[in-house]
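Everything on this sheet refers to the single structure shown next.
The values are calculated or read from the model by the stated rules, or taken from the named source; none is laboratory data. In this text the structure is predicted, and so the values were computed from the model without any measurement. Counting neighbours? That spans all protein chains shown, and the Cβs are built from the backbone with ideal geometry, glycine included.
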Amino acid sequence: VKKVLVDVDCGVDDAQAIMMALAAPDVQILGITCVHGNTCVENVCKNVLRVLKVCGRLEIPVFKGVSKPLLGNVLDAGHFHGADGLGDAPDPDAPGLELVQEEGAVSAIIRIVSEHPGEVSLVATAPLTNLAVAVKLDPTLPQKLKGLYIMGGNTDSRGNTTICGEFNFAADPEAAYIVLNDYLCPTYIASWEFTCHNKLTWEFCDYWLAQDTHKAQFMKRIFQHSIDSCYSERIEKELVAGNGFISCDSYAMAAAIDDKFIIESDHKAVTVELAGVHSRAMMIVDHLEMLPKSHKAYILKKVDLERFKELMMNALK
Ligand code: BDR
């Protein structure tokens, strides 16, 4: 059984990633930690509880984490995910925040990983604030992880939030810097460009959502806002060549839960630009091996998209 801890800013694609892991028979989710990002951390907690309820898995503990980046102002992605983070399609009988654990997310990350040394895959699909604070409190945390799977960063200078910054890194560049430099454990990165180059077709999306299940109906409702507001315009026309549907966070999850998903990756040292006038939050990939660091991350390059589609399908079964 693969033990997974998930750190999210539950948004629509975070929900898709969580549902993917919940559906996998050999995966045990030890907890879901929440952080600011796509929406405020309170909404993130509510959204995770909604997802768990739809999947009948409210026994999984949910922890509230940090509400702001280490420096600077909070960013959100309401234009894409809806103001509530899940497409502004509320459930009348959504679970209440009293179900959130009393223990905070940072403490939970440190405790859960310590309870299962060498066994936990930490999947981070959000700004990396919780993880950055956790490693500063417990510098031994990374050596106890089996692996760290991040959706975030970019491999060229094209951002999706700032000129050069991908959302999860732009929403807390200092945290991204700390994580990429302090987590000296096997680290896998699903970058923005990687997700764009591995998008699924709209035909697949229709087929996926047409499954006759309660989970598919839920997904259809929460996903509509993103489909309407964004795919048709900014992302597809300006930033990404070609048409298609991207579930960014699900790629990081698939990498963590399916050993055969990654076919090829670049093994390079990475860091984050913190000081650039235009390039703050851009991920730096050290192709020339000039950074004074030996730790390298696996930057996903080629994956098995058939397996990915299968995992996506199962998520809504
Ligand atoms: C990332 O930003 C968020 O809006 C998505 O949930 C994903 O984690 C993509 O840049």
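Cβ separations smaller than 8 Å between residues 6+ apart or across chains give the following pairs from region 194-210 residues that are assigned to a helix (DSSP H, G or I) to residues that are aromatic (F, W, Y): F194/Y251; T195/Y251; W202/F245; F204/F245; C205/F245; L209/F223.
Within region 6-48, the set of residues being buried (at least 24 other Cβ atoms within 10 Å of the Cβ), assigned to a strand (DSSP E or B) and touching a residue at least 60 places away in the same chain (Cβ under 8 Å) comprises V6, D7, V8, T33, C34. Restricting the first member to region 246-263 and to residues that are touching a residue at least 24 places away in the same chain (Cβ under 8 Å) and outside any loop (DSSP other than H, G, I, E, B), and the second to residues that are of a type in the set (V, I, T) and within 10 Å of the ligand (Cβ to nearest atom), the beta-carbon pairs closer than 8 Å and six or more apart or on different chains are C248/T125; C248/T195; D249/V8; D249/T125; Y251/T195; A252/T125; A252/I150; M253/T125. Does G82 satisfy the criteria of being at positive phi and either touching a helix residue (DSSP H, G or I) at 6+ places or on another chain (Cβ under 7 Å) or more than 14 Å from the ligand (Cβ to nearest atom) (or both)? Criteria met by G82. Every test in (1) modelled with pLDDT of 95 or more; (2) among the hydrophobic types (A, V, I, L, M, F, W, C); (3) over 18 Å from the mean Cα position of the chain (by Cα) is passed by L122 save one, and that test is (3). Only helices (runs of 4 or more DSSP H) whose full extent lies in region 126-173 are considered here, and the ones with at least 2 residues that are within 23 Å of K296 (Cβ to Cβ) and within 13 Å of the ligand (Cβ to nearest atom) are 167-170. The single condition among (1) within 18 Å of K3 (Cβ to Cβ); (2) in contact (Cβ under 8 Å) with a residue 12 or more places away in the chain; (3) outside any strand (DSSP E or B) that L122 does not satisfy is (3).
For the list (1) touching a residue at least 12 places away in the same chain (Cβ under 8 Å); (2) outside any loop (DSSP other than H, G, I, E, B); (3) surrounded by fewer than 24 Cβ atoms within 10 Å (Cβ to Cβ), I need the number of the one condition that E98 fails. Of everything listed in (1) touching a residue at least 12 places away in the same chain (Cβ under 8 Å); (2) outside any loop (DSSP other than H, G, I, E, B); (3) surrounded by fewer than 24 Cβ atoms within 10 Å (Cβ to Cβ), E98 misses just condition (1).
Counting only residues that are assigned to a strand (DSSP E or B) and charged (D, E, K, R), how many does region 271-317 have? Counting residues in region 271-317 that are assigned to a strand (DSSP E or B) and charged (D, E, K, R) gives 2. In this structure, is H295 modelled with pLDDT of 95 or more, farther than 22 Å from D249 by Cα and surrounded by 14 or more Cβ atoms within 10 Å (Cβ to Cβ)? Here the answer is yes, as H295 does meet what is asked. Of all residues in region 221-261, those that are surrounded by fewer than 19 Cβ atoms within 10 Å (Cβ to Cβ), within 13 Å of the ligand (Cβ to nearest atom) and either among the acidic types (D, E) or at pLDDT 70 or above (or both) total 1.
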